[in-house]
Amino acid sequence: MKSNDYNYKHFGFWHYSIEHFDGPRIGAIAPDFMSTTLDNKTVRLSDFRGKIVVLESASITCPATIGTTNDMQQLVRQYPDVTFLLLYVREAHPGERIAAHTSFDEKLSCAKRFQEEEHDNRIIVVDDLEGTVHKQYGLFPNFVYVIDAKGYIAWRTPWNVTKRLNEVLASIHKNPHARFGEEYLLPEMKNQGFRALKRAGWRTILDLIPNIPYFIWIRHRLKKFGHRY
């Protein structure tokens, strides 16, 4: 996939395997990767071995991300011994104000703006322009992986639901070897998430409207099957 295919200019559900969460499964070793911090340093996932890691994908134009940012800050304070990594990926809803990335510097600038405007206190790392890590971990715009201290995936979800994440972290604190079943949780559509679309520009609304019927169908289908694989 070329970078301009990965960094789509207009949102559409066809960019995602919306019913299938690819990427490493629970019980597998989390694939190591390199990414760039906001101060242009290179880090690896393995640098954090020995600690529980919460890895979340995000962008400043992703309503699901923005809608849970405040709750995630609370979890960071609640679990000071956990490493919270936010992986900045492609723009979920590019528009006329915040467009699809055409260079790594643009992507890095958006990640810095995300931290500043959301007052985010997690470790933010930026994926490369081609989305190498994003593809490796399943491509969803707001996935979450919980990786135990030995580097194994203990839990994952294609969409961040902070209440469930809190339950998972509490269980792992009681039992570091805890494993969980596969869950397909639906995104938390909170009002503050619409800031993401406003930031990107009103063009995002025009891109979103044709996708609404499909989105409703997907939610109905997933609810019918209990949100699980």
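In table form, for the structure just shown:
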| item | result |
| --- | --- |
| FRET efficiency for H173 and K41, using Cβ-Cβ distance with R0 set to 30 Å, rounded to 0.05 | 0.50 |
| Relative packing of peptides 107-120, 36-49 - highest average C-beta neighbours within 10 Å first | 107-120, 36-49 |
| Under 15 Å, Cα to Cα: Lys pairs in the chain, sequence gap 8 or more or different chains | 8 |
| Pairwise FRET efficiency - D71 versus T102, Cβ, R0 = 45 Å, nearest 0.05 | 0.90 |
| Extension reserve of the Y16-K150 stretch, reckoned as 0.36 nm per residue once the Cα distance is removed | 45.2 nm |
| Helix-derived mean residue ellipticity, 222 nm - over the chain, DSSP H n ≥ 4, -39500 (n - 2.57), to 500 | -10000 deg cm²/dmol |
| Protection proxy ranking, peptides 137-143, 149-155, average beta carbon neighbours within 10 Å, highest first | 137-143, 149-155 |
| Contact order relative to length of the range 1-144, as percent, for alpha carbon pairs under 8 angstrom and 6 or more apart | 37 percent |
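Read-outs: derived from the displayed coordinates by stated rules, not from any lab. None of the values given here were measured: they were computed from a predicted structure. Reconstructed Cβ throughout: ideal geometry from the backbone, glycine too, with neighbour counts over all protein chains shown.
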